[in-house]
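Report on the following structure.
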Amino acid sequence: MESQRNISEFILLGLSYNQNIQIFCFIFFLFCYVSILVGNLLILVSILCSGLFYQPMYYFLNHLSFMDICYTSCVIPKLIGDLLLVRKTIFYDNCMLQVFSLHFLGMIEIFILTVMAFDRYAAICKPLHYMIIMNRTRCNLLVLAAWVGGAVHSFSQFSMIICLPFCGPNEINHYYCDIFPLLKIACTATYVIGVLVVANSGMVALVTFVLLFGSYVVILFTLRNYSAEGRRKALSTCGSHITVVILFFGPSIFAYLRPPTTFPEDKIFALFYTVIVPMFNPLIYTLRNTEMKKAMRRVWCQRIFSEDKHN
């Protein structure tokens, strides 16, 4: 612990040293963060204030939107603030908290996406038993399991990082605290820890992606027996989910399923699962979903009409 406290803060090298690029990034990421908050809050309120909340798919979408807000709030506000500073620092304790929070919330998001795929599998492949399979008790248990799985994963990762000694240098070549950049500056051999991180994060991402891919192959195979209208409706909801899964898991697998080292491309790929995917989630799930658009129109038009009537 003494060697750990030789460094009280880390310096984040950020995305670029160019001042003009930093100004552009500040405006862009501020827009992204506002879009994430507004879009996901619209989904949360629309689902909670409509009958969709009692449908399993939208119940899980509600949790996914909440996770997106929490997950991005661990990274983007700090990133935006740092873009205005010459020296970008983060205290040791805050850095460790960021590592824990990102892996905790990120793993919950992965499990929620998996649960959503199971929900679509049950709805399309077992339609007669769907409401029995996906009853509210089971939905609550699946969400609870996602939180427990996230906690187990993050504690296992955090326990390896918190024990590492840091005695200099203290520069992290990233815009937030992550495991591989921290392993690179630790004052001890980290190969074994790196392999364990790959076995944990990397294999979880890969296995989950394979399961999701397999479930959608089965779903697409089952859709052959549906009518043209039934296929169109099913593909509309499944298409949204497949798009999110590819955008989220592609960069995640690149980031963690590889030898424990860092690459210049890491920061670009990290932007996908920390900024881009959470920003597009509301658009993907609303623009391609008729029920969601109807619910948002009904909830928000009703609110505006009520306010006008009151005034």
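The values are calculated or read from the model by the stated rules, or taken from the named source; none is laboratory data. These numbers come from a predicted model, not from an experiment. All Cβ positions, glycine included, derive from the backbone under ideal geometry; neighbour counts span all protein chains shown. Side chains are part of the model used for accessible areas, which takes the heavy atoms of the whole protein and leaves out ligands, DNA and RNA. Shrake-Rupley method; radii C 1.70, N 1.55, O 1.52, S 1.80 Å.
If you go through region 180-193 one residue at a time, do you hit one that is within 17 Å of Phe248 (Cβ to Cβ) and in contact with a Ser or Thr (Cβ under 9 Å, 6 or more places away or on another chain)? No; the residues of region 180-193 include none that is within 17 Å of Phe248 (Cβ to Cβ) and in contact with a Ser or Thr (Cβ under 9 Å, 6 or more places away or on another chain).
Which of the residues belonging to region 161-214 are of a type in the set (Gly, Ala, Ser) and either in contact with a Leu (Cβ under 7 Å, 6 or more places away or on another chain) or surrounded by fewer than 19 Cβ atoms within 10 Å (Cβ to Cβ) (or both)? Give the derivation first.
Of all residues in region 161-214, those of a type in the set (Gly, Ala, Ser) come to 168, 186, 189, 194, 199, 201-202, 205, 214.
Selection gives Gly168, Ala186, Ala189, Gly194, Ala199, Gly202, Ala205, Gly214.
The set of residues in region 44-76 that are under 20 Å from Phe29 (Cβ atoms) and touching a helix residue (DSSP H, G or I) at 6+ places or on another chain (Cβ under 7 Å) comprises Ser65, Met67, Asp68, Ile69, Cys70, Tyr71, Thr72, Cys74, Val75, Ile76.
Rundown of residues vs (1) open to solvent by 40 Å² or more (accessible area, probe 1.4 Å); (2) assigned to a helix (DSSP H, G or I); (3) of a type in the set (A, V, I, L, M); (4) more than 30 Å from Met131 (Cα to Cα), yes/no style:
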{"site": "Leu30", "(1), (2), (3), (4)": "yes, yes, yes, yes"}
{"site": "Leu37", "(1), (2), (3), (4)": "yes, yes, yes, yes"}
{"site": "Leu41", "(1), (2), (3), (4)": "yes, yes, yes, no"}
{"site": "Val45", "(1), (2), (3), (4)": "yes, yes, yes, no"}
{"site": "Leu52", "(1), (2), (3), (4)": "no, yes, yes, no"}
{"site": "His63", "(1), (2), (3), (4)": "yes, yes, no, no"}
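Only a single item in (1) open to solvent by 20 Å² or more (accessible area, probe 1.4 Å); (2) among the small types (Gly, Ala, Ser); (3) touching a Phe, Trp or Tyr at 6+ places or on another chain (Cβ under 6 Å) is not met by Ala146, and it is number (1). Taken residue by residue, region 80-92 has no member that is surrounded by fewer than 18 Cβ atoms within 10 Å (Cβ to Cβ), at pLDDT 90 or above and in contact with a Pro (Cβ under 9 Å, 6 or more places away or on another chain).
Within region 181-192, the set of residues being over 23 Å from Gly14 (Cβ atoms) and touching a Cys at 6+ places or on another chain (Cβ under 9 Å) comprises Cys187 only.
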